[in-house]
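**Student:** Sharing a structure, written as structure tokens. Questions coming.
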Amino acid sequence: MYATVDELRNVAPESTTDAQIELAIQMATELIDRITGQWFEPRRVVRVYRSKGGTTLHLPVPVIEVHSVTISGVLEPAANYRVTHDARNPRILHRYGWPKGRATIEVDADCGYVAEDGTTPAPIRYACQRLASMYLLPEEDRQELRQQARVISESTDGHSYTLAKDERPASLTGDPEIDGILMSYMRLPSVGGA
């Protein structure tokens with residue numbers, strides 16, 4: 001999870017239990033993963049790809065460290081490939097080219113969109129804290145916050161205000177600041193594999 005109970009304890013209503021805060025953090029973390037198509041902590045994964053030839057194997061998530069690469073069950077020497085540590089375009093480049101045909105490529109690696117030190121990026125931690133704190137509010141307060149984000153003009157004596165048209169995609173949060181953060185971390189569409 002991308003935030004801690006201690007980080008949210010100061011902003012949570014006094015009657016909120018640790019279990020409620022933990023649930024809110026879990027919900028926020030899952031929403032962030034779903035919206036961005038990424039995860040922001042190291043996770044060990046094993047993925048199998050069909051070989052299409054060429055020198056580049058495009059991956060769906062950033063690679064932190066490769067433990068092994070096998071081609072049709074045979075361990076590939078690490079000297080034959082290198083990982084690009086480009087979080088926006090993760091891939092493994094093969095020195096001689098990935099075999100074309102029926103070969104399967106299995107990659108065992110630690111993956112995740114993480115900061116240089118291997119932790120969750122600070123903007124994602126912040127977005128998680130904000131989302132989790134919103135989940136701890138009563139529903140009417142959350143609705144009011146979403147509406148406040150859309151106010152584009154207001155008058156005091158007439159007690160009127162104008163709302164911007166709500167054109168956000170249904171999958172985003174409704175908080176423009178959080179939406180901007182999450183949009184900057186969204187996974188790019190896949191361009192293919194090896």
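The values are calculated or read from the model by the stated rules, or taken from the named source; none is laboratory data. All values reported here derive from a predicted model rather than from experimental measurement. FYI the Cβ positions are ideal-geometry reconstructions off the backbone, even for glycines, and counts take in every protein chain you see. Just so you know, the surface numbers come from the protein's heavy atoms only, side chains and all, with ligands and any DNA or RNA stripped out. Shrake-Rupley method; radii C 1.70, N 1.55, O 1.52, S 1.80 Å.
**Student:** Looking at Thr55, is it more than 21 Å from Met186 (Cα to Cα) and among the hydroxyl-bearing types (Ser, Thr, Tyr)? Steps first, answer last, please.
**Tutor:** Values: more than 21 Å from Met186 (Cα to Cα): yes; among the hydroxyl-bearing types (Ser, Thr, Tyr): yes.
When the stated conditions are applied, Thr55 passes them.
**Student:** Still on this structure: Can you name the strands (runs of 3 or more DSSP E) wholly within segment 23-101 that have at least 2 residues being basic (Lys, Arg) and open to solvent by 30 Å² or more (accessible area, probe 1.4 Å)?
**Tutor:** On the way: elements: 43-52, 56-58, 63-71, 81-84, 91-94.
It comes to 43-52.
**Student:** While we're looking at this one, here's another question. Considering every residue within segment 160-174, establish whether at least one is under 24 Å from Tyr2 (Cα atoms), at pLDDT 85 or above and either of a type in the set (A, V, I, L, M) or open to solvent by 80 Å² or more (accessible area, probe 1.4 Å) (or both).
**Tutor:** no
**Student:** Filter segment 35-54 down to the residues that are closer than 22 Å to Leu93 by Cβ and β-branched (Val, Ile, Thr) and list them by number.
**Tutor:** Val45, Val46, Val48
**Student:** Given the structure, is Ala12 outside any strand (DSSP E or B), surrounded by fewer than 12 Cβ atoms within 10 Å (Cβ to Cβ) and among the small types (Gly, Ala, Ser)? It would help to see each step written out before you state the result.
**Tutor:** Details: outside any strand (DSSP E or B): yes; surrounded by fewer than 12 Cβ atoms within 10 Å (Cβ to Cβ): no; among the small types (Gly, Ala, Ser): yes.
Judged against the criteria, Ala12 is not a match.
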